Amino acid sequence: MDKIKAAFAGKKANIGYIVAGYPSPAHTKEFLSNLDESAIDLLEIGIPYSDPLADGPEIFKASFSVVQNGVNAGTVFEILKEVQTRKPLVFLVYYNVIFAYGAREFVSEAARYGISGLIIPDLPYEENEEIFALCEEFGIALIPLISVTSEHRAARVLSRARGFIYGVGAIGVTGSKQTPISRLKNMVADLKKMSDLPVAIGFGIRTAGDVRSTKEYADGAIIGTAIVNLCANYGGRELQNKIAELFN
């Protein structure tokens, strides 16, 4: 969790997202090996799942193709065994993946291989007590997602929040049109009254202009779909240069 805190220390954080194993496990390994020299301050690693309900069509297609190629949570842990990075890594993972792996085994393996946090889009506060306890035991942040339509539940959700708050910037799936900035500004201001955790905004952020406007009112900007699309076409230093352009 300290690594997550450091990602926001004295700056607005650049947060990226990739689908693990897309377009290949070797590509993901290379991406992680280059992470320390990248513009990304914190990386979300999406564990591929065949029915990613929060993801838009581009990420859904990438995730489904990786599942079809046999990539699973075990594959992701094998990749993490072979790379090292100073940057904080968090998993974006659907609960069925954790359940199938075994909750204790999954959280302990995540901690063992340097994962600092978990984002679980389909696990509501009312059902996350077991995972929260495991995260506390193994020193992993349970990172909540809160949208403009769920602020009425925010105080309860934040009681088990660690790391940072993932503010959902669109009503719908990833890659959707962003919620009006006025509503997002009000949401961030309200969340900051309830918690000392930094608030980063994701969903609907695709361009450098989106990043700049988001950082005017939030503590970080999260880019997912645009980076996944870049991964399909670039690798190595060229890919990192393209990502840097998004965050500058």
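Values as computed for the structure displayed
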{"read-out": "Qualifying residues in the range 133-157 (those that are assigned to a helix (DSSP H, G or I) and touching a Phe, Trp or Tyr at 6+ places or on another chain (Cβ under 9 Å)) - the one farthest from residue 184 (Cα to Cα)", "value": "134"}
{"read-out": "Pairs where the first residue, in the range 108-121, is assigned to a strand (DSSP E or B) and the second is modelled with pLDDT of 95 or more and basic (Lys, Arg), C-beta under 6 Å, 6+ apart", "value": "116/3"}
{"read-out": "Residue, most open to solvent (accessible area, probe 1.4 Å), within the range 190-220, restricted to residues that are aliphatic (A, V, I, L, M) and under 25 Å from residue 246 (Cα atoms)", "value": "197"}
{"read-out": "Residue identified as in contact with a Ser or Thr (Cβ under 9 Å, 6 or more places away or on another chain), more than 17 Å from residue 4 (Cβ to Cβ) and among the small types (Gly, Ala, Ser) among 100, 26, 20", "value": "20"}
{"read-out": "Failed item, numbered, when residue 70 is tested on (1) in contact (Cβ under 8 Å) with a residue 12 or more places away in the chain; (2) open to solvent by 10 Å² or more (accessible area, probe 1.4 Å); (3) assigned to a loop (DSSP other than H, G, I, E, B)", "value": "(1)"}
{"read-out": "Output for the range 96-122, where each listed residue is of a type in the set (Phe, Trp, Tyr), more than 18 Å from residue 29 (Cβ to Cβ), touching a helix residue (DSSP H, G or I) at 6+ places or on another chain (Cβ under 8 Å) and open to solvent by 20 Å² or more (accessible area, probe 1.4 Å)", "value": "101"}
{"read-out": "Unmet requirement for residue 16, which otherwise passes all of (1) in contact with a strand residue (DSSP E or B) (Cβ under 6 Å, 6 or more places away or on another chain); (2) in a loop (DSSP other than H, G, I, E, B)", "value": "(2)"}
{"read-out": "Within the range 93-127, considering residues that are aromatic (Phe, Trp, Tyr) and more than 20 Å from residue 35 (Cβ to Cβ), the one nearest to the chain's Cα centre (by Cα)", "value": "94"}
{"read-out": "Matching helices (runs of 4 or more DSSP H) fully within the range 177-237 where at least 1 residues are among the polar types (S, T, N, Q) and closer than 26 Å to residue 2 by Cβ", "value": "208-215"}
{"read-out": "Matching residues, the range 15-44, being buried (at least 22 other Cβ atoms within 10 Å of the Cβ), under 11 Å from residue 236 (Cα atoms) and either at pLDDT below 95 or not hydrophobic (A, V, I, L, M, F, W, C) (or both)", "value": "28"}
{"read-out": "Residue satisfying condition, being in a helix (DSSP H, G or I), at negative phi and of a type in the set (Phe, Trp, Tyr), within set 60, 91", "value": "60"}
{"read-out": "Condition check for residue 126: open to solvent by 40 Å² or more (accessible area, probe 1.4 Å) and closer than 23 Å to residue 72 by Cα", "value": "no"}
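The values are calculated or read from the model by the stated rules, or taken from the named source; none is laboratory data. Note that the structure is predicted; figures quoted are calculated from it, not measured. Cβ coordinates were reconstructed from backbone atoms using ideal geometry, including for glycine residues, and neighbour counts include every protein chain displayed. Accessible surface areas use protein heavy atoms only, side chains included; no ligands, DNA or RNA. Shrake-Rupley method; radii C 1.70, N 1.55, O 1.52, S 1.80 Å.
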